[in-house]
Amino acid sequence: MSEFIFDSGISRIFLGGSVTMVALMMVSSRINRAVMSVLVFAWACFIKPILGKAGSDKTLGQSQQQHALELFYGNQAHIYDSTRKLLLKGREECLQLAVSHLPQTKKGLVWVDIGGGTGKNIEMMNEILPLEKHFAAVYLVDLSSSLCAVARQRFAGKSWAKNVVVLEADACDFSIDHATADLITFSYSLLMIPTFNSVIDHALALLEKSAGVIACVDFGIQSLDTCVGRINTVGGLVNRNMPWFLRNFWRIWFEADKVFLDLARRNYLEYKFGTLKSFNTYNNMLGRIPYYVWVGCDKDRSRSLLHRINCLATESPYLAPSDETQRIEYNIPVSKGHEAVLSNIRKNLPFPSIYYQKNPWRVYFNEINPLYHQFRNQYIYAFTWEDPREDHEMLKFSSKDTVLAITSAGDNILAYACLPDPPSKIHAVDLNPCQNHLLELKLASFKSLSQDQIWKIFGEGKIQNFRQLLINQLSSEMSSNAFQYWMDKGEKALSPKGRGLYDTGSTRWALRLARAVFTFFGINSYIDELCSCTNLRDQIRVWETKVKPTLFNPFVATLLVGNPLFLWKALGVPANQAELIGDSVLKYVVDTLDPVVHRSLISTDNYFYYLCLKGKYARNNCPDYLTEKGFRNLTTKRADGTAPIDNIRLHTDTLNDVFSRLNQKSITIAIIMDHMDWFDPKKDDAKNEILAVKECLVPGGRVMLRSAAQYPWYIKTFEACGFKCKPHGIRHAGESIDRINMYASAWVCTKQDDPKAPKAQRRMSSLKI
Ligand SMILES: C[S@@+](CC[C@H](N)C(=O)[O-])C[C@H]1O[C@@H](n2cnc3c(N)ncnc32)[C@H](O)[C@@H]1O
Ligand SMILES: *[C@@H]1O[C@H](CO)[C@@H](O)[C@H](O)[C@H]1NC(C)=O
């Protein structure tokens, strides 16, 4: 333990896998140079330190660190870039992510790359954001003189590098010719710097307060247990909890060579700055080494942040007072987001990551809520299985409405926002965080992509370079939590080689089942025919003579179509609801499908079944929000300066929880879908929810619901609680009530002014986070 042998842990991986490495490099045409590189690398990292021991003094200072760095980098500086390409992954993505979060319009940026080494990052940046055009100055700070020499050589005589300054200095003690920096980056440098606290403090002092961005890409280990108490600040837990073995293995492995993968560095970043985005992943090239990319900003970023917090206190549906004394005095429920902010302020923690995001769509939620576990980090619905045209028919939405609806896949939320006179506010509620991640992806796409790109992702379900789009364009429009989800799952599903968006979620089983049955019975061509009929007569003929006899033959009927395990489980229908369907599932299915075929053309007017049969939408047969007109409606700003998509809020909670914290009498329409079918008629759940929704409805406010029963049992409960209920449609055999026709009834229950009706107990929340 006598000298600083930076990177030699890394070298062991190289040697351990040297056979693979050499083989890899042989593939390249520059065999000799590559082999030489590996040999020089091995010499510098492995052999030389053993031969020549230096700096065995226990009290190493800066000059010793510099000396040690030289010892290590001195004779491998020239091969540095070629040997680090595979090892130091995520550097480019880190720069891209940071750039996405810089203010778009600002010119003359100042960037400091701390521990910048050979200047490779700066060259990479020139490809992302041309330096000459966008930067007034770029500083590379590094303590190794031989790496600085390589950097100087790289920049010499290059016109794009005119503004680049190489500073040979210690990261905790350097100064630049500008008062502040708009961008500060660390790429694989914090892990080598023993005085990282002081380096981070120095960076904090330098970072521009209102819009500056700081970014870090580094190896690093972490676990859930070590972020308890500050989870809302870290921006998402995807891949954050590493297996015990990996965690300790890599830390010990690297630490022997004084390369530190400990938690302290990232923790300190997350403590000193607000987290804009982060993601956690592994470098699998060399044996699953954990690394992360993190992008942050000043903790107290801007006035607008305070404004948003105050909004929480006054304007949001989550009515909450602006300070605690008030809360106690008036006994009003407080939003969870507000509680969390107050608690973080008391602990001197940054605000929850959600507060640093540009868009206010996502209402605060805490990812460790145990209720989320049941969803196993997946959404159920990749598309919404309710007909919004009928909703509008029933409810006649207008800008006088404030609507609360279940998110599901977000299709209906966007359908309402697309209307000529859309509701002034729409609250989308879903307990499953991933359903809201899906809607966030849609919202972010409307902010930053073209209509054509939106069509590719959500119409066809596939797009080239999703990961690049996500990092470069979508990331700054979404929460870190949603970003992490899509970093983890997006590319695999959405790439042209992937299975497509509609083969995700549990609803994929319905689509897969349909495909399997069609293939098994060889009726794929009939299905295509059914999906391209141009008049109802043809459609009915194809259905009656070709498709139906096959689907409803006794074998398929009992095994597949009529088997609750297959069909209903695939569509996410739980037991209580299955009860409502009645004895014969097969009859239910016939009652569903037969009338649909008689109702309208699947090829142009039934995107629901079209999607199920074809796995994607068609340009002339898709939800309104995927059309060009829909795009315009959603994104065009109105007189008040907001576009309809700006007035959507996403709540990740139970309906009951949202109702009980909502501003009293703020909602005109609540759309709860078939959700009440899920309740047990013997328990009080339905009654509690009905009383809760009643509290936040305006007088005359309406609840719209669908059910698998013609006369659901809880309609009586609504009536007992002071609602007047009217069926909008009750499905009788042979008839359809909407284009999906899967539910047996749709109801509108209107709140009556009846002082004698029972009232809900409004729940007070505690400040426990
Ligand atoms: C693994 S290299 C990464 C270099 C470069 N950022 C990259 O991504 O290729 C770590 C760098 O940190 C530098 N470094 C280590 N301690 C330092 C200190 N106290 N001050 C400045 N730079 C330091 C090293 O000289 C080295 O260039
Ligand atoms: C968009 O707005 C226009 C005009 O207000 C309206 O006619 C149309 O139905 C709306 N929706 C779509 C999807 O076009």
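The values are calculated or read from the model by the stated rules, or taken from the named source; none is laboratory data. Treat the numbers as computed from the prediction; the structure is a model and nothing was measured. Glycine gets a Cβ as well: all are built from the backbone with ideal geometry, and neighbour counts include every protein chain shown. For accessibility, only protein heavy atoms count, side chains too; no ligands or nucleic acids. Shrake-Rupley method; radii C 1.70, N 1.55, O 1.52, S 1.80 Å.
Some observations on this one:
- Single match in Glu123, Glu70 (criterion: charged (D, E, K, R), surrounded by fewer than 22 Cβ atoms within 10 Å (Cβ to Cβ) and at pLDDT 95 or above): Glu123
- Here Phe174 does not fit the description of being under 30 Å from Cys434 (Cβ atoms) and within 16 Å of ligand 1 (Cβ to nearest atom).
- When Leu439 is tested against (1) hydrophobic (A, V, I, L, M, F, W, C); (2) under 24 Å from Ile380 (Cβ atoms); (3) not in a helix (DSSP H, G or I), just one condition goes unmet, and that condition is (3).
- None of Thr717, Thr668 is among the polar types (S, T, N, Q), open to solvent by 20 Å² or more (accessible area, probe 1.4 Å), on the phi < 0 side of the Ramachandran plot and touching a helix residue (DSSP H, G or I) at 6+ places or on another chain (Cβ under 7 Å) except Thr717.
- Among the residues making up the range 398-414, a single one is open to solvent by less than 10 Å² (accessible area, probe 1.4 Å) and within 12 Å of ligand 2 (Cβ to nearest atom): Leu414.
- The single condition among (1) in a helix (DSSP H, G or I); (2) under 17 Å from Ala670 (Cβ atoms) that Leu431 does not meet is (1).
- Residue list for the range 686-714, restricted to those being open to solvent by 10 Å² or more (accessible area, probe 1.4 Å) and among the hydroxyl-bearing types (Ser, Thr, Tyr): Tyr711
- Members of the range 720-732 that are open to solvent by 70 Å² or more (accessible area, probe 1.4 Å) and either closer than 13 Å to Met676 by Cβ or part of a loop (DSSP other than H, G, I, E, B) (or both): His732
- One residue alone among Lys442, Lys456 is open to solvent by less than 10 Å² (accessible area, probe 1.4 Å) and within 16 Å of Asp624 (Cα to Cα), and that residue is Lys442.
- When Lys497 is tested against (1) open to solvent by 70 Å² or more (accessible area, probe 1.4 Å); (2) assigned by TED's automatic domain parsing to the domain that holds Leu593; (3) out of contact with any Ser or Thr (no Cβ under 7 Å at 6 or more places or on another chain), only condition (2) is not met.
- Scanning the range 200-216 for residues that are open to solvent by less than 20 Å² (accessible area, probe 1.4 Å) and in contact with a helix residue (DSSP H, G or I) (Cβ under 7 Å, 6 or more places away or on another chain) gives Ile200, Val213, Ile214, Ala215, Cys216.
- Residue ID - farthest from Tyr364 (Cα to Cα), chosen from residues in the range 638-653 that are aliphatic (A, V, I, L, M) and surrounded by 12 or more Cβ atoms within 10 Å (Cβ to Cβ): Ala643
- Filtered residues of the range 460-494 (kept if open to solvent by less than 60 Å² (accessible area, probe 1.4 Å) and among the charged types (D, E, K, R)): Glu477
- Being more than 16 Å from ligand 1 (Cβ to nearest atom), within 18 Å of Ser398 (Cβ to Cβ) and in contact with a Ser or Thr (Cβ under 7 Å, 6 or more places away or on another chain) holds for only one residue in Ala639, Ala686, Ala643, and it is Ala643.
- Some residue of the range 183-191 being modelled with pLDDT of 95 or more, among the aromatic types (Phe, Trp, Tyr) and not in a helix (DSSP H, G or I): yes
- Being in contact (Cβ under 8 Å) with a residue 24 or more places away in the chain, under 17 Å from Thr118 (Cβ atoms) and either away from ligand 2 (no atom under 16 Å from the Cβ) or in contact with a His (Cβ under 8 Å, 6 or more places away or on another chain) (or both) is a property that Ala181 lacks.
- Residue match in the range 130-137 (condition: over 23 Å from Phe72 (Cα atoms), within 16 Å of ligand 1 (Cβ to nearest atom) and either surrounded by 23 or more Cβ atoms within 10 Å (Cβ to Cβ) or without any contact (Cβ under 8 Å) to a residue 12 or more places away in the chain (or both)): no
- Residues that are touching a Pro at 6+ places or on another chain (Cβ under 9 Å), within 14 Å of ligand 2 (Cβ to nearest atom), open to solvent by less than 10 Å² (accessible area, probe 1.4 Å) and within 25 Å of Gly236 (Cβ to Cβ) do not occur anywhere in the range 415-425.
Condition check ((1) modelled with pLDDT of 80 or more; (2) within 10 Å of ligand 1 (Cβ to nearest atom); (3) on the phi > 0 side of the Ramachandran plot; (4) not assigned by TED's automatic domain parsing to the domain that holds Leu286) across all residues:
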| site | (1), (2), (3), (4) |
| --- | --- |
| Gly61 | no, no, no, yes |
| Gly74 | no, no, no, yes |
| Lys85 | no, yes, no, no |
| Gln96 | yes, no, no, no |
| Thr105 | yes, no, no, no |
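- Single match in Thr195, Thr180 (criterion: β-branched (Val, Ile, Thr), within 11 Å of ligand 1 (Cβ to nearest atom) and surrounded by fewer than 22 Cβ atoms within 10 Å (Cβ to Cβ)): Thr195
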